[in-house]
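What follows is a single structure, written as structure tokens, with notes after it.
The values are calculated or read from the model by the stated rules, or taken from the named source; none is laboratory data. Keep in mind that this is a model prediction, so the values were computed, not measured. FYI the Cβ positions are ideal-geometry reconstructions off the backbone, even for glycines, and counts take in every protein chain you see.
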Amino acid sequence: KDTGELTVPLNNLFERVVKATGVCLSTVQRVVKENASKPAGTKFTSPRKTINKPSQKSSVDQFDEEIIRSVLYKFVHIHKRRPTMQAVYQAVINDGVALRGKLTSFKKIVHKLGFRWRKTEDNRKLLIEKTDIRAKRTEYLRKLKSYKEQGRNIIYSDETYIHSSHTVPKSWDDGTDNCLKSPVVKGKRLIILHCGGRKGFVPNAALLFKSGLKRGDYHDDMNHQNYKKWVQ
């Protein structure tokens, strides 16, 4: 243009369109091909410009994040309720947090805070990781290793139970009432306790009693008192 000469020859139509519009050559060729397949006199309309509207996303600061975290914990420890996303969302708004976005945006914030929807864990992990429990477990493992090195016969004990109306989990069934059915009431629970080592079970050490009995040598369920009495 500065020299007064054409940068693209007049007979090179596609290249001139590319230069003038800034679109790629394949797009120009595709439009020309579409025009050739349409009846003569067809008019083309320019597409509307896409206007990018800013999405309403929830934007919270560190203070608001701590409020959200606190609300989640309150559901569990104070209200004793399962914290559903909808309930937490409403509770956070009631606490004065100005959430601009909808529930989907709020979920992203909760994920950012490290919360995930997963299977509920029990309290066993919290219990076994206490400092005193951890120390006792370490002491037990050290003594166990020492006894094994000394060649001692290590005796292990274990407890299980079975219901008095126990049936096998599977059987042949034709869909009628003539086949084996599991009882609705499971009946009394029988607690079984035994011990043994590499030489086999300890003779006359098996213990079997009904759970929930209010009298007798062994009553209620298996607990430390019944276990201590059995060891003695």
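So for the range 137-157 (the condition being within 30 Å of the chain's Cα centre (by Cα), at pLDDT below 90 and part of a helix (DSSP H, G or I)), does at least one residue qualify?
yes
For residue 88, state whether it is assigned to a loop (DSSP other than H, G, I, E, B), among the aliphatic types (A, V, I, L, M) and modelled with pLDDT of 80 or more.
Taking the combined requirement at face value, the residue does not satisfy it.
Starting from the range 190-206, keep only residues that are more than 19 Å from residue 162 (Cβ to Cβ), then list their pairs with residues that are exposed (fewer than 14 other Cβ atoms within 10 Å of the Cβ) and modelled with pLDDT of 90 or more whose Cβ atoms are within a distance under 8 Å, requiring at least 6 positions of separation or different chains.
197/153; 197/154; 197/155; 197/156; 198/153; 198/154; 199/153; 202/155
Do any residues in the range 107-130 that are among the aliphatic types (A, V, I, L, M) have Cβ atoms under 8 Å from those of residues that are at pLDDT below 80 and surrounded by 10 or more Cβ atoms within 10 Å (Cβ to Cβ), where the two are at least six apart or on different chains, and which pairs are they?
Listed by first residue and then by second, the contacts come to 109/58; 109/60; 127/133; 128/134.
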